[in-house]
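The structure appears below as C-alpha cells.
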Amino acid sequence: MENWVEIRKSADFMKMASDYAISPITARILRNRDLTDPSEIRNFLSPGPEAFHDPITLTGMNRVILVLKEKISAGLKIRIIGDYDVDGITSTYIFYKGLKYFGADVDYVIPHRIEDGYGINIRLIDDAYKAGVDTILTCDNGIAAYDQTEHATSLGMTMVITDHHEVPFTEDEKGEKIYKIPRAAAVTDPKLPGSEYPLEGICGAFVAFKTIMAYAREMGEDSTDSFAGLRDELTEFAALATVCDVMELKDENRSLVCLGLKLMQHSRNLGMRALLRVTGMEGKVLSPYHMGFVIGPCLNASGRLDTSLKAVDLFLETDETRAIEKATELKMLNEERKQMTLDETAKAFEIVDGSPSLDNVLVVYLPDCHESLAGIIAGKVRERYVRPAFVITKTDKGLKGSGRSIDAYNMYEELTKVKDCLSKFGGHKLAAGISLVDDTPNAFREALNANCTLTDKDFTETVRIDMELPLEYADLNLARDLMKLEPYGVGNEKPLFAVRHVTIISGRLMGKNGNVAKYKVRNDAGRVYEMIYFGDVSAFEQFVADIYDEETARRLHSSEEVKVVLDICYRVEINTYMGRDSVSLQMVHYR
C-alpha cells in the first residue's frame, strides 16, 4: 500500500506569486522544491548560463588546467580514457573536441564493457605506454584507480583524473572514513573530501565541460566568436549526460539541461541530427524524456551489445549519408537490447515470485543474461518490489552484476560491509557494479541481508503530493503557468496534486493495445471532467474488483455507467490538437 504524504512547507505564496508573476499554486510548488532565495527562484524560472558555477571552484581544477596546458604546449600525446555509458561517451567527446580545438595531440579509448569492465585498467595503461602516450586523462572514471595510477606513474606517464563518483574509503576503529585518493598529477571530482563546490551532484560530462570552459578562460578564448560554437555544441552533450546519468535537475544542472534541450533541437552536430532523425525526434520540441528514453538508450546500446566507440564515431562523422547509416545502426542495436531486456526481466520476476520469502535485499541470478543488461533489469526488479536489487550474470571472467537501490539504502556503503564477497565493486548511493569472488551468489545474498537494517517502512512507496487541489482549479491557465517549471526530471518532478472522493462514472480503453484508459469523473460539486490513465489497467481493474465486486470491475472500461469512488493523485497537462490547447488531467495514483 502506498503512503501518501502532502508536502507542507510554509511561505507567503501570494507575495511570491506577485513578485515572480506566477500563480500561488506554482509558488507553492517552488517552495516545495526548497526554492526560497530570490536569485535561486529567478534562475529557476529563467534558467541560463549565468547560473553555472565557476569551474575553478572545483577542487583540483587549477592543477588539472596547469598540467593540461603544459602538455599541450609541449606537444605531448594525451589519451582520453572514458566509460561505455552515455556519461562516459559524452565526456570523451567533450574532451576530444575541446582539446583538439586548443591544438592538443589527443586521441581516445573507451573500455569495452565485457572485455575491460568499468574504468581504466592495467592493460589500457600498457597499451597507452606502447603507443607513446605521455598523459592519460580520465573522464567519468578514475577516482577509484589508485593502483592503476601507481602503475602509470611507474612507467613515467602522467595521470590526470576527472570524475564525479564517490571517493573510495575505509573506516577506522572509530568508524571515521579514511579516503584513498589516487596519487595522480591532478585530480578533480565534486565529491572529493573537503570540496566546497556548491553542487556535488554533477555528472562526469559536466565536469569535462567545466574543464574545457576553464581551459578556454585560461587561454583567453572563452569570449571569442570561434569558441562560442564549440561551447554550444558541448553544452548539449553535457546536458544529455546530466539527464541520462540521472542527476537532479536543480541549480546549475537545471540551467544546463534547459540550454541543452534548446540547442539539441537545432544541433550543430551532424551525428546528433542524424540520431534525432532516425528516432523520429527531428523537428520536435525536446524534453528530458526524449534525452533519457529515446536518444540515451541508443548510445547505451552501443556499449551494451557492441562498442561505445561507435557512438563517439557517430558524433565525429562529417558525411551526412554515413551519419544516417551509423545512427540507424545504433537504433537497431537498441531495438535488439529492448527485446532481450523484456525476456530476461520476465525471468527475474518469475524467480523472485517463486522464492519462499522476499529478502530485504534481492539478489537474482540470471546466468545466461547478457551482462550489460543487468543494471536495467535490476532497476525493474527494484521498481516492482520496492527493494534494493542486484542482478548477477555469468561471464567468462566469473560472476558479475549490477545493483539498483531505494532511497533508504546506500548501496555503495552497504557493499563496503560485504567486500570479502567481492573482487571488485564501485558505484554510489543508488547504483553499483560488482564482481563476485565466489562462483555462487548465495554467499553474497546472505551477507547483504545479514547486514541489512531496512524495515518494513522502508519498503512502502512514498507518494509525495504537492497539494490537495480540487479539480475546478486544474484549468488551462494553471497548466500554462506550470510550464514555467519545466523541464521536469529527478529533483524537479512534475507537480502532483490530490483530490478526495472523485467518482468514476464511466470509462473506456484506448490505444493500439488497449493499454490506456479514459474516464469521466465527477467531483463532490457534481461537475464532470475527463481523466486519462497510462498505468497498469489490469491492476486497476483488480483493485476495483477487490474494493467493489467483479461486475463493477467488468463495467469499468465498457463505457457503461459505474460508480467507483476514489481518492486520486493527478497531474495537469496540456493537450494540443489542431493548433488548439486544452487541459488534460492524468490520473497517476489511486486509493
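Readers should treat all values here as calculations from the given coordinates under stated rules, not as data from a laboratory. Everything quoted here is computed from the prediction, not taken from an experiment. Cβ placement follows ideal geometry from the backbone for every residue including glycine, while neighbour counts extend to all protein chains displayed.
Suppose R0 equals 25 Å. What FRET efficiency, 1/(1 + (r/R0)^6) with r the Cβ-Cβ distance, do Asn442 and Val386 give to the nearest 0.05? Before the final figure, lay out the partial values.
Numbers: r = 23 Å, r/R0 = 0.92.
So, using R0 = 25 Å, E works out to roughly 0.60.
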Contact order normalised by length for the chain, with contacts defined as Cα pairs under 8 Å and 6 or more residues apart; what percent is it? 12 percent
Compute the acute angle (0 to 90°) between the alpha-carbon long axis of helix 251-265 and the principal axis of greatest extent of the alpha-carbon atoms of the chain; round to the nearest 10°. 90 degrees
Between 0 and 90 degrees, rounded to the nearest ten: what's the tilt of helix 374-385 against the longest Cα principal axis of the chain? 30 degrees
Once the mean of 1/r over all distinct C-alpha pairs in segment 355-459 is inverted, the Kirkwood radius in Å reads 13.3 Å
In nm, what is the difference between 0.36 nm times the number of residues separating Asp116 and Ala545 and their Cα-Cα distance? 149.2 nm
Among Val463, Ser91, Ala327 - extreme Cα towards positive end, dipole of the chain, charges at beta-carbon: Ala327
Gyration tensor verdict on segment 462-590 (Cα atoms; rounded if a/c is under 1.5, prolate if a/b is larger than b/c, oblate otherwise): prolate
Put a dot 7 Å past each Cα toward the Cβ at Asn360 and Arg527; how far apart are the dots in nm? 4.8 nm
Lys/Arg +1, Asp/Glu -1 at C-beta; segment 462-590 dipole; positive extreme among Gly511, Gly526, Leu566: Gly511
In whole Hz, what ³J(HN,Hα) sequence does segment 192-202 give by Karplus (6.51, -1.76, 1.60; θ = phi - 60°), x for Gly and Pro? 4, x, x, 4, 10, 5, x, 10, 6, x, 10
Take the residue pairs Lys9/Lys494; Lys180/Lys419; Lys326/Lys400; Lys284/Lys347; Lys9/Lys484; Lys180/Lys429 and return only those whose Cα atoms are more than 25 Å apart. Lys326/Lys400; Lys284/Lys347
For Cα pairs less than 8 Å apart in space and 6+ apart in sequence, what is the mean separation divided by the residue count of segment 262-338, i.e. the relative contact order in percent? 40 percent
Over segment 355-459, calculate the relative contact order: mean separation of alpha carbon pairs under 8 Å at least 6 apart, over the residue count, as a percent. 25 percent
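Under the classification rounded if a/c is under 1.5, otherwise prolate if a/b is larger than b/c and oblate if not, where does segment 55-234 fall, given a ≥ b ≥ c as square roots of the Cα gyration tensor eigenvalues? Kindly include the intermediate steps, with their values, before the conclusion.
Working: a/c = 1.64, a/b = 1.22, b/c = 1.34.
Taking the square roots of the gyration eigenvalues as a ≥ b ≥ c, segment 55-234 is oblate.
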Could you tell me the distance between the Cα centroids of segment 35-74 and segment 515-589, to the nearest Å? 46 Å
Partner lysines for Lys563 [C-alpha distance under 21 Å; skip if fewer than 8 residues away on the same chain]: Lys518, Lys520
If you place +1 on the Cβ of every Lys and Arg and -1 on the Cβ of every Asp and Glu, how big does the dipole about the Cα centre of segment 355-459 come out, in debye to the nearest 20? 220 debye
Could you give the nm distance between label points at Glu461 and Glu493, where each point is 7 Å from its Cα heading toward the beta carbon? 1.0 nm
Gyration tensor verdict on segment 158-204 (Cα atoms; rounded if a/c is under 1.5, prolate if a/b is larger than b/c, oblate otherwise): oblate
Can you give me the angle between helix 320-353 and the longest principal axis of the chain, using Cα atoms only, in degrees from 0 to 90, rounded to the nearest 10? 60 degrees
Furthest towards positive pole of dipole, Asn477, His557, Asn492, structure part segment 462-590, Cβ charges: Asn477
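Identify the GluC sites (Glu not before Pro) of segment 230-272 meeting these criteria: DSSP loop state and at most 16 other C-beta atoms within 10 Å of the C-beta. Mind dumping the intermediate values first?
Values: sites: Glu233, Glu236, Glu248, Glu252; in loops: Glu248.
When the GluC sites (Glu not before Pro) of segment 230-272 are filtered for loop state and at most 16 Cβ neighbours within 10 Å, Glu248 remain.
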Provide the gained length on full extension for the span Met1 to Asp343, in nm with one decimal, where the gain is 0.36 nm per separating residue minus the Cα-Cα distance. 120.3 nm
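Want the number for Ser582 to Glu350: 0.36 nm per residue separation, take away the alpha-carbon distance, what's left? Intermediate results must be reported in sequence, preceding the final value.
On the way: separation 232, 0.36 × 232 = 83.52 nm, distance 4.25 nm.
Extra length from Ser582 to Glu350 when fully extended: 79.3 nm.
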Report for segment 55-234 the percent antiparallel among DSSP-assigned beta bridges with both residues inside it, nearest 5. 15 percent
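Using +1 on the beta carbon of Lys and Arg, -1 on that of Asp and Glu, and nothing else charged, what's the dipole of the chain about the Cα centre, debye to 20?
Using Cβ point charges on Lys, Arg, Asp and Glu, the chain gives about 900 debye.
Just to confirm the filter: which GluC sites (Glu not before Pro) across segment 502-591 are DSSP coil and have at most 15 other Cβ within 10 angstrom of their Cβ? Write out the running numbers ahead of the final one.
Working: sites: Glu530, Glu541, Glu550, Glu551, Glu560, Glu561, Glu573; in loops: Glu560, Glu561.
Here the sparse-neighbourhood loop sites are Glu560, Glu561.
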Grab the DSSP H runs of the chain that are 4 residues or longer, score each as -39,500 (n - 2.57), total them, divide by all residues and round the 222 nm result to the nearest 500 deg cm²/dmol. -12500 deg cm²/dmol
Antiparallel content of DSSP bridges confined to the chain, in %, to 5: 65 percent
Percentage, to the nearest whole number, of Cα pairs in segment 152-280 over 21 Å apart: 54 percent
I need the GluC sites (Glu not before Pro) found in segment 120-183, filtered to DSSP loop residues with at most 12 other beta carbons within 10 Å of theirs. Glu173, Glu176
